[in-house]
Amino acid sequence: MKKTIFLGGFFLSFSFLIISCGTPKAQNILLNKSPIQSQGISQVQKMTDGHASGEGDYWASEQSSVFQQGSDAFVIYDLGSATPLRAFYIQGDNNDTYQVLVSDDLQTWKLIWSAGFRGGAGLRERWSKDLNESGRYLKLQALGGDGAYSVSEFQAYVVVPDSWKPDVDIVHSNAGSFAGRLRMVIFGLSLVLYSLFSAYKNKTWVYRVVLIPALTTYELFRWMIAHLPIDDLDFAFLKLVISLVGIFVLVQNQFFVERLKPAKNIVKGILFTLGLFAIGIYYHFGHLQFDHAAERRPTVVHTWDMRVYYPIAKFFRELQFDGLYLACLQGYLEEHPETTDAELANVRLRNLNNNEIVSGLSVKEDAKAIKSRFTPERWEEFRHDMRWFDRAMGRNYLGSMVDHGGNATPLWMGVAHLIFKDTKDVEGMLTLAAWMDPILLLIFFIVVGRTFGWNPMCLCMIIFGATEFYRFGSNLMGSTLRQDWLVAFGLGVCALRQNRYYLGGIGLAYSSLIRAFPALGVLGLGLWWLSDVGMRIYRKEKISLPILWKDYIPFWKTAIGATLCVALSFGITSATFGYKHSWKPWFEKITMHADKPNVNHLGFRNLFSFDSELTSQKLAEFHRGDWIQTQRETFAKRKFFVNLAILFSLVLILRAMRQKDLHQISLLGLLLIPVFFYPANYYFHYVFLLPLLGAFSKDKVDEVSTSYFTGINVILLTMCTFHYFTLLEGEMDVSFTQQSWLLMIGFGLMLLVSNLFTKQKS
């Protein structure tokens, strides 16, 4: 018996030894490995030291390897021989793409993994497994995003670890942001305390003590200018502080007992200060977002955005809505004739006819054919202009062709065409044109101040910069005419408030004709009219055509202005470009684009498509299927509840429109956008117009209406406050789903407050 037990134990031990020896141990083959070549990367040894930073830590710290801005930075490792590669882990800056390539000869490189954008701010993890690649040399490079790249840890595996993602040692960085955030908190507290102190009856002391918040404001501003560029999460923290201070001042001003209410001028001063800081955040306090890669210097131009909208506007007759990336590819091949088919096969671009991602090699002949749309002179002009983008963007030039192309309407293309058609100096023209949006916004804020008053103007400024809806990797600073639709709609609202109804209709319609989504603001006016007439019929009131005209003259004047604007704009653009080459393909493109799920799109569709077990990270980790397909399937299963939610929202909005001014009704119509459409997050930047929703005509201002104004703006500022916490989420689709919840809850609360106001007034 003992002999049997001994032999059995020996056999099991021997078998275990064989199995253990035969199973390769999962280990990071890059641990402590030095590169054989690197360019433009500081502290490159940190990349393979086995230590990652904490999730969300500052991107450029003592724990990370920073890629020099404006350079084609890369690092190459020699694995000694051809090595199987099954899994990778990288922690890098959130809003960039990191590419891993392999080679056997240091000449021909093959892209085997692309670690894309991640939600949240700061350093964020990416990982991939079950690859089936091999090679001797590994190359890591970065592209896209805001041009500020860094990596804290890079790992490679020949065997996938049992527990994936791999366990990584975390060493939190001392980013230096504590000093900045402390200043932000002190800045906010000083404004809150001063607002409280301003209720003190001795006004001499009130104006003497202003020195304290003035000093904290100056100190914060000085620190920020000295530490540019500021990390996105630090900017978000300042937005949180700004929003909380704004909430406190509004609540104190409206709801505190009389002896504790702040002085009116102090409220104006605090809100204006918050507004200036918020706008400063949007424009990065003057720090430019992008760099000229070839010349290694900053540039005003938003290269990622304008590499799409500049050529398609200038060469719209040739490119139309489908030819941009094909023409860019053909121009690139003519500029770089040394490009091999193997390299071309690694180029990815979006087929603008069906929205699918294809390889450059598969559309090589289509790219040649697109050249036939140009005359020889126009083709050389196109090549000349795109040569600047090629040099300015470096590797990002080809990498940016997976975007969705230009989605602006033919009217926008026509206006931009007039600006760009004779351009010879691309950067000079785009630098000059980049000032158009800030100037338009300045005009808008001034008009709001003259129309609605100081506090509504300041709140529009605060929401403009304090929201996170406008940011996807970067914002639109440095672009041309990307906020013109917002300004046009806002000026239309101001015109309606001033009883300039024809002009108001023109403003609302023009906004709709250049970005489509604001059309729901115009539609809202029509829904209100139908609802109001329906209620009169229900109450059995006398209805006739003269009565319908007389009682609704402001509405009819607005409708006439909008109709004339639509007819004139549609006619001119169709005559200029041809309907079949402008509006028809634009409608087809928008319909196709609206049907496809995207991680940064917000609204009802996002909420009803989301499943916590089918996030992009979990799908990638467990190979459960395609994220886009699972989103569509989940949405289809819940379509009944979607329709119920749409119906309920429509009823709430129609009820909220009762007893409102026309400018408020048009703004309530904007709340329908996430209900019926599925736009990208940056289109919801229109929330900075919504402070005007609570503003009434002067003859209607009373205690109830001012409470309504405060309620609407407290809700908007609360949305800005909670934005900060959505940025802490590591998964991008989860982060934007949280923003969808924030958006819909905020809009729902505004509708409830609007309905409550209607009930109180009636």
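Please treat every number below as a calculation from the coordinates, not as lab data. Note that this is a predicted model, so its numbers are computed, not measured. Cβ: placed from backbone, ideal geometry, glycine included. Neighbour counts: every protein chain shown.
Here are the numbers for the structure shown:
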{"item": "Rough spin-label spacing in nm, given labels placed 7 Å along Cα→Cβ, for Asn132 and Arg391", "result": "4.5"}
{"item": "Ranked packing of 535-547, 665-677, 160-172, most packed first, by mean Cβ within 10 Å", "result": "665-677, 160-172, 535-547"}
{"item": "Backbone N under 18 Å from the Leu564 label point (7 Å along Cα→Cβ), restricted to segment 500-543", "result": "500-513"}
{"item": "All aspartates and glutamates inside 18 Å of Lys201 as judged from Cα atoms, apart from same-chain residues fewer than 8 positions distant", "result": "Glu258"}
{"item": "More than 49 Å apart - percent of Cα-Cα pairs taken over the chain", "result": "22"}
{"item": "Overall Cα dimensions of segment 417-470 - principal axes, largest extent first, Å", "result": "44, 26, 15"}
{"item": "Extension gain, Leu260 back to Asp167 (0.36 nm per residue minus Cα-Cα distance, nm)", "result": "28.0 nm"}
{"item": "Within straight-line cross-link reach of Lys46, lysines at Cα separation under 17 Å, skipping those fewer than 8 residues along the same chain", "result": "Lys33, Lys139"}
{"item": "Cross-link pairs beyond the 18 Å C-alpha cut-off, checked among Lys540/Lys660; Lys165/Lys618; Lys203/Lys268; Lys584/Lys639; Lys596/Lys637; Lys239/Lys261", "result": "Lys540/Lys660; Lys584/Lys639; Lys239/Lys261"}
{"item": "Percentage relative contact order, the chain, counting C-alpha pairs under 8 Å, at least six apart", "result": "13"}
{"item": "Cut-off 15 Å, label 7 Å out along Cα→Cβ of Ala214, residues of segment 243-274 by amide N", "result": "266, 269-270, 273"}
{"item": "Förster-model FRET efficiency, 56 Å R0, Trp435 and Ala82, C-beta, rounded to 0.05", "result": "0.55"}
{"item": "Positive minus negative residues near His292 (Lys, Arg vs Asp, Glu; Cβ under 10 Å)", "result": "0"}
{"item": "Sorted peptide list for 479-489, 686-696, 192-202, criterion being average Cβ within 10 angstrom, highest first", "result": "686-696, 479-489, 192-202"}
{"item": "Cross-link partners of Lys542 among aspartates and glutamates (Cα-Cα below 14 Å; sequence separation of 8 or more within a chain)", "result": "Asp532, Asp551"}
{"item": "Between segment 511-565 and segment 313-361, the alpha-carbon center distance in angstrom", "result": "46"}
{"item": "The chain, helix-only ellipticity at 222 nm - DSSP H runs n ≥ 4, -39,500 (n - 2.57), divided by all residues, nearest 500", "result": "-17500 deg cm²/dmol"}
